[in-house]
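We did not get these values from a lab; they are worked out from the coordinates using the rules stated. Please read all numbers here as calculations on a predicted model, not as lab measurements. When we count neighbours, we look across all protein chains shown, and the Cβ atoms used for this are built from the backbone with ideal geometry, even at glycine.
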Amino acid sequence: MIIYKSTDWWEALSHLGSSSIIRLLLKRVLFVGLYATAVTAASVQFSQLIFTVDKEFFSFLGIMLSLLLVFRTNTAYDRFYEGRRLWGQLVNNCRNLAVLLHARLPADDHANRTYLAQVLSNFPIALDGHLRQGVRFHKLAEADSGYVEELKLADHVPSRIASQLQEFYERLLEEGLILPTHLITIQRHHEALLDVAGACERIQKTPIPFSYSYFIKGFITVFILTMPFNLLDTYRYLTVPITMFGAYALLGVEMIGDEIEDPFGKDSNDLPLTQLSNRIRANVHEILQVDLHEEYRALADAPYSVVF
Amino acid sequence: MIIYKSTDWWEALSHLGSSSIIRLLLKRVLFVGLYATAVTAASVQFSQLIFTVDKEFFSFLGIMLSLLLVFRTNTAYDRFYEGRRLWGQLVNNCRNLAVLLHARLPADDHANRTYLAQVLSNFPIALDGHLRQGVRFHKLAEADSGYVEELKLADHVPSRIASQLQEFYERLLEEGLILPTHLITIQRHHEALLDVAGACERIQKTPIPFSYSYFIKGFITVFILTMPFNLLDTYRYLTVPITMFGAYALLGVEMIGDEIEDPFGKDSNDLPLTQLSNRIRANVHEILQVDLHEEYRALADAPYSVVF
Amino acid sequence: MIIYKSTDWWEALSHLGSSSIIRLLLKRVLFVGLYATAVTAASVQFSQLIFTVDKEFFSFLGIMLSLLLVFRTNTAYDRFYEGRRLWGQLVNNCRNLAVLLHARLPADDHANRTYLAQVLSNFPIALDGHLRQGVRFHKLAEADSGYVEELKLADHVPSRIASQLQEFYERLLEEGLILPTHLITIQRHHEALLDVAGACERIQKTPIPFSYSYFIKGFITVFILTMPFNLLDTYRYLTVPITMFGAYALLGVEMIGDEIEDPFGKDSNDLPLTQLSNRIRANVHEILQVDLHEEYRALADAPYSVVF
Amino acid sequence: MIIYKSTDWWEALSHLGSSSIIRLLLKRVLFVGLYATAVTAASVQFSQLIFTVDKEFFSFLGIMLSLLLVFRTNTAYDRFYEGRRLWGQLVNNCRNLAVLLHARLPADDHANRTYLAQVLSNFPIALDGHLRQGVRFHKLAEADSGYVEELKLADHVPSRIASQLQEFYERLLEEGLILPTHLITIQRHHEALLDVAGACERIQKTPIPFSYSYFIKGFITVFILTMPFNLLDTYRYLTVPITMFGAYALLGVEMIGDEIEDPFGKDSNDLPLTQLSNRIRANVHEILQVDLHEEYRALADAPYSVVF
Amino acid sequence: MIIYKSTDWWEALSHLGSSSIIRLLLKRVLFVGLYATAVTAASVQFSQLIFTVDKEFFSFLGIMLSLLLVFRTNTAYDRFYEGRRLWGQLVNNCRNLAVLLHARLPADDHANRTYLAQVLSNFPIALDGHLRQGVRFHKLAEADSGYVEELKLADHVPSRIASQLQEFYERLLEEGLILPTHLITIQRHHEALLDVAGACERIQKTPIPFSYSYFIKGFITVFILTMPFNLLDTYRYLTVPITMFGAYALLGVEMIGDEIEDPFGKDSNDLPLTQLSNRIRANVHEILQVDLHEEYRALADAPYSVVF
């Protein structure tokens, strides 16, 4: 994810090349430009290719397409922002869990404090991997002997970590370290972990319905292919840059929507899951007053320019 | 449901034929083409059929129609996505129920663990059938002797399964396996089962108000029927493909909206309820550490191309 | 409410006459047609009535009006769907209450089971009447001797039924049939009854602000009255059908919005409250294993074509 | 607030004069009419004031302005409806509190019943005043000797009444009239009182950001001032009524938005807070079976035409 | 934040200069004016720079751009209003916490009352700093000896204050001043503190995806650069003011969106966090009946014109 100061216009323009989707867009616009050049050249040769055009009808179709694209943009952005909101809930619930148990656990109960801090921190790290290329087990804290090895046996790692935490609460209850009343609040924070995991899976595995996607792609393709014919009688050779500008506008909205739709990849617009996991780890350790290696704490405040 | 990678433009184009709604759309567009050909041929014969046209007025009506269609699209998509969100909640709550009871039930209490895993897994399988062609009882796990036979007597199968689970929690409470405090959390997850079932029934049984639907269909019909007359004076024989393209755009949005609206069918855009039920079964069994037949576990990871 | 299969285009067209709002719309469109005929006839007589027209300006005003009408449509539909959602919650919470108490009440405690099933079923039936023409007391089950007579004394019948249920829970608590813990869950389902009742009253008693409504009606009226003058110079006698089509589009959206806005009437677009009440009664009786008269059970599955 | 039957078109038209915002709108439209007359007269004198005009560009700007105005309308309406929703929650939570405590308090405990009914009814009455011209202390019930005098000392009266209720619950708990379990539900309803109060304050004290408001006002002003110049070459003297119609449309949406935005005033579109407070008082007294003066009960059903 | 009466049109116009974003906008519009003048002058010199233009195509692109800008406006406003809503929740939960504990703590327990009032008031003050230029520790109340010094050691100050409050509740529980039941409600209010903090961080650190932002900026830039060429053939020298007006409209929406997006700065459109913190402090002290210095109470009612 590229973090930028949105009020600075020129700086934003300078990031032109760093976004892969922008580069692909420009490539496609170039391709449309070649097509428009061919059409224009042919029409100059064979003048019967130049029609009188019903510009209002073409413009109505263009506005209809724009409305569909804004609908598409909206749904894509909603997924992106819901993803961010979910990870925000993860941050909040991990912090709240840590705050609650910090106040209950004796200040010198290092064993329980460390176990909790490590397993709780492992959850977002595992979820990050689960949503991307697979869980990276070497990144997880070894909270117990054989802990990571056991996790490797699980099909659904986040569920397994949630079970470990649940077993931990039950142990605290048995040892009288928390009261039954505390469990009610703890459960509310705890269940948020799997709720977030499930909701992220939902966003990732449910693209916009195929028919819509195909329908819009078909609409755009025909619209752009006919665009030069609609401009030729007015613009002649200027048809080429104008067609390219129109293609830029239409393809751009569609392509960015496609990319934003799954916010858990590693594109320049995707959410910084790793960064957020690091921050949760640092926060949870600080709240529970468990030492965390300096290097890990530094990761929480990684320079905020391009983060993953 | 067709699962596809939305950033791949060409692959999406190649799925042209696999969506029944796209095929029906193309058929209707062809039909409009025949009509436009007839109008054009007649107008060439009897030139008084060619009018001067107020293109701005026609374009304003078209934009108004587009706005209504985008509204329609929005409501249809909201139902589709609400349906998905509900089944996502089902996943989350089943997992959370399993995690909580896994931590309470003794590790060697195979009877209770198996009963819970089976009845909990039966719920989404029964709901899948309930929302589609009727409950397929042979798919349900025989959690008890005579269990499935008894279920067949129920009018509303999901309610009956929810009652069984509720009786199970009460039994655990009586046997002291859970504390009253646990019941508070369990109930919150448990009630989500019937909430999801009821909300799915609501989506399925409440179409968009009849007047809107009829009104929009009437609007589109007249608009498309008059379209050739508005294009004839500019385009002559080109009127035919251009009318077809316009009809494609308008009919497409309306028809896809109609199809998306009920996301519980078995169309190519409908939700993969069976797939999700299989995944819940696999997750719940893994969390509760109950063996599940290899074949059933495989279903949870069925190849993700066209799933139901 | 007309229930229909939204993908079947021709069947939808055939329901033309059964919707009173569609009939009123067609009547008004006819009226606009007469007006347009008069204007056209006069203009043919006195040709100075034919102006040169700024079609773009008229079209811009039309698009602005369309945007306002889509906003209006959205708010009206939101009320309609919120109403449906609320009754869906009523279904869910009644089922959940019944499931919970079914698991606690001894299987042979017919008195309590019957009382609960009847009073719980009375709530939606009373709310249906409360939101429509007044509570129909003869439809309520006589849960106790003198029960219905006592209800007739209440100003706000739904609140009174909610109080009866609350007293019932307290009695169960006293008799030790439920634990204090159960009350926490029961209360959450129980309070939904009055929440739904209050929210339905809110929808019913808060129309869209008067200024908006008047403003839009004024805008449409002037716009339609000037429409023939804008079309005359292009279309002459064709002005009449085209004005009627334009009036159909504009009046239709506005009128349907007005009708949908209060979804608790008995129009063809209104919610099937009675049908839903019958279904709740059947579900609650089945879950609590209380016999329900065959005739009443049949009402729950009334043929799904035009229901109230 | 003017309550009206939204399907009755002519009745709505007849309320023309009773809405102050509509009157102000008509005044401004008249003012624009004078300006347009001056421009037209001058242009007839000095014909060089008549330009050739790029009507499409003007129309594009108009559509852009319309889109912004619909956005403005949406945000204003959202505040209005959120305000209504909040007061609806107040109704629901007061009723639910009364239902719960009615079932617990002994039927003959008149002292507690009366105290609760009066203090609970005072909350919405005080909040009504707090959001409008200041709390009208003479409207509050004297629940205790010196009760109202003590309230007058408070800076934030709604918080003080909430504290009184909280102290009342604690007293009931101490006297064993409610169990700790009941407190959990009571708190949930009780906290809604201050949540509603705070949310109403938020709506009231947070106008739409200044820049947006100014920006839109600037846009409209310039757009309307240039409107006659864009119409002159087509319409000559007809420019005046057409400009006035355009100004009606644009100013109307903007002005109604401004008015709706704060729904707690006493304009004809504002929420009937006093009416709702009276209804809460009547409901709460009926549920708790505490007598309420006939006159006060009548206020709850005040004729529903113009209410505050 | 500039607080203004939105119905007063002229007053709003007079604030022209006080908003920095409006000033920057006017500067940019001036810049576009210079560019348009240069283009116009050149085109008068070299008349071949004047093209025939396809005005409908340009207008379609403009409408598409408008739709994207309204989408942008919507997302920016949603963040602004979510920020306000979050701080409103902070107000409500602090008040509710104070009300609940006021009713439990003995009236003469000054130590606990003061400690709670001060630490609870410190939370919003610290969050205000945390979201802006850093926590201003001298603004925090010294609730304990060495209290502020200890806070300075924390990385994440709001979490630390939340921990202090949590420790305080546990102490009250141990001393029997609250029952376990109370903890359930307290926790619900308490966790809102960190939820609000986390959500504010989310809004602040997640700009709109870079691709969208860049894409829209690129679209606007090209659109405005080509605008004079589209107007030249109709307007000649009038092209300059008309281009400036168009640039005002387009740049304005985009720039205000950029500014609103992060509502936690100190711009004239940003939320008055300091003012809200002061109000929470005054409310909490009043509810808990703890004296607050006159000067601090005055800050809660600071004149409502430009507040931070």
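For the stretch A:150-218, run through the chymotrypsin sites (Phe, Trp or Tyr not before Pro) and keep only the ones in DSSP coil with at most 10 other Cβ atoms within 10 Å of their Cβ.
Listed in order of number, the matching sites amount to none.
Estimate the FRET efficiency between A:GLN133 and A:GLU167 by the formula 1/(1 + (r/R0)^6), using the beta-carbon distance for r and 35 Å for R0, to the nearest 0.05.
0.75
Compute the Rg/Rh shape ratio of the stretch C:144-196: radius of gyration over Kirkwood radius, all on alpha-carbon atoms.
Radius of gyration relative to Kirkwood radius: 1.03.
Give the average, rounded to an integer, of partner chain Cβ atoms located within 10 angstrom of each Cβ in B:37-43. List each step's numbers first, then the result.
Working: counts 0, 0, 0, 0, 0, 0, 0.
Taking the mean over all residues of the peptide, I get 0.
Quickly work out the A:PHE46-to-A:LYS266 label distance, labels modelled 7 Å from Cα along the C-beta direction, and quote it in nm with one decimal.
Computed distance between label sites A:LYS266 and A:PHE46 equals 5.0 nm.
Output the relative contact order of the stretch B:99-184, whole-number percent, from Cα pairs under 8 angstrom with separation of 6+ residues. Could the numbers behind the result be given before it?
Numbers: 56 pairs, mean separation 23.0, N = 86.
After rounding, I find 27 percent.
When Cβ neighbours within 10 Å are restricted to other protein chains, what is their mean count per residue of peptide B:248-254?
Rounded to a whole number, the mean comes out at 5.
Excluding E:ASN93 itself, calculate the net charge of residues whose Cβ lies under 12 Å from the Cβ of E:ASN93, where each Lys or Arg counts +1 and each Asp or Glu counts -1.
Details: positive: E:ARG95, E:ARG188; negative: D:GLU191, D:ASP195, E:GLU191, E:ASP195.
Local charge sum for E:ASN93: -2.
What average count of beta carbons from other chains do you get within 10 Å of the Cβ of residues in B:217-226?
3
Taking N as the number of residues in the stretch A:213-308, what is its Cα Rg relative to 2.2 N^0.38 Å?
Compactness ratio reported: 1.87.
Averaging the inverse of every distinct alpha carbon separation and then flipping it gives the Kirkwood radius. What is it for the stretch C:77-192, in angstrom units?
Value: 15.1 Å, from the Cα pair sum.
In the calculated pair distance distribution of the stretch A:255-297, what percentage of Cα-Cα distances lie above 11 Å?
Result for the distance tail: 68 percent.
Using a/c under 1.5 as the rounded threshold, could you call the stretch D:22-99 rounded, prolate or oblate? The axes a ≥ b ≥ c are square roots of the C-alpha gyration tensor eigenvalues, and prolate needs a/b larger than b/c, oblate otherwise.
Numbers: a/c = 11.29, a/b = 2.80, b/c = 4.03.
The shape class here is oblate.
Name the helices (complete DSSP H segments) of chain C with a Cα length along the long axis of 30 Å or more and a Kyte-Doolittle mean of at least 0.5, or state none.
Helices meeting the span and hydropathy rule in chain C are C:20-45, C:210-235, C:239-261.
Mind putting together the pair-distance distribution for the protein assembly as shown? All Cα pairs, 10 Å bins, whole percent per bin, short to long.
Bins of 10 Å from zero give 1, 7, 14, 20, 21, 18, 11, 5, 2, 0, 0 percent of pairs.
Measure off 7 Å from each Cα along the Cα-to-Cβ vector at E:GLU175 and C:ASP78, then give the distance between these two points in nanometres to one decimal.
According to this spin-label approximation, the distance is 4.8 nm.
Based on Cα coordinates alone, diagonalise the gyration tensor for the stretch A:189-261, multiply each eigenvalue by 5, take square roots, and list the semi-axes in whole Å, largest first.
Each semi-axis is the square root of five times an eigenvalue, giving 41, 13, 5 Å.
If I model a spin label at E:LEU34 and A:GLU142 as a point 7 Å from the Cα along the Cα→Cβ vector, what separation in nanometres do I get?
6.6 nm
Once the label point is placed 7 Å from Cα along Cβ, list for B:LEU24 the distances to the corresponding points in the other copies, in nm, shortest first.
Here the equivalent label points are 3.2, 3.2, 5.1, 5.2 nm apart from this one.
Using the 7 Å Cα-to-Cβ label point, sort the distances from D:ARG136 to its equivalents in the other copies shortest first and give them in nm to one decimal.
Computed spacing set for this position: 4.1, 4.1, 6.7, 6.7 nm.
Listed highest first by mean packing, meaning other Cβ atoms within 10 Å per residue, what order do C:282-288, E:92-98 come in? Intermediate values should be presented prior to the final figure.
Numbers: C:282-288: 24.6, E:92-98: 26.1.
Ranking the peptides C:282-288, E:92-98 by packing returns E:92-98, C:282-288.
Between their Cα atoms, which of D:LYS205/E:LYS266; A:LYS205/B:LYS152; A:LYS27/E:LYS55; A:LYS55/E:LYS217 are more than 22 Å away from each other?
The pairs that break the limit, which is 22 Å between Cα atoms, are A:LYS205/B:LYS152; A:LYS27/E:LYS55; A:LYS55/E:LYS217.
Could you work out the pair-distance distribution P(r) of chain D from its alpha-carbon pairs, with 10 angstrom bin width and percents rounded to whole numbers?
That works out to 5, 21, 24, 17, 13, 9, 6, 3, 1, 0, in percent per bin.
How high is the relative contact order of chain B, in percent, with contacts defined as C-alpha pairs under 8 Å that are six or more residues apart?
38 percent
Any idea what the E:HIS110 label distances to the other copies are, label 7 Å down the Cα→Cβ vector, nm, shortest first?
4.3, 4.3, 6.9, 6.9
For an R0 of 30 angstrom, estimate the FRET efficiency from the Cβ-Cβ distance between D:ALA111 and E:ASP109 and round to the nearest 0.05.
Working: r = 28 Å, r/R0 = 0.93.
Once the sixth-power term is evaluated, E becomes 0.60.
Please say if the stretch B:128-247 is rounded, prolate or oblate, where rounded means a/c under 1.5 for a ≥ b ≥ c the square roots of the C-alpha gyration tensor eigenvalues, and otherwise the choice is prolate for a/b larger than b/c and oblate otherwise?
prolate
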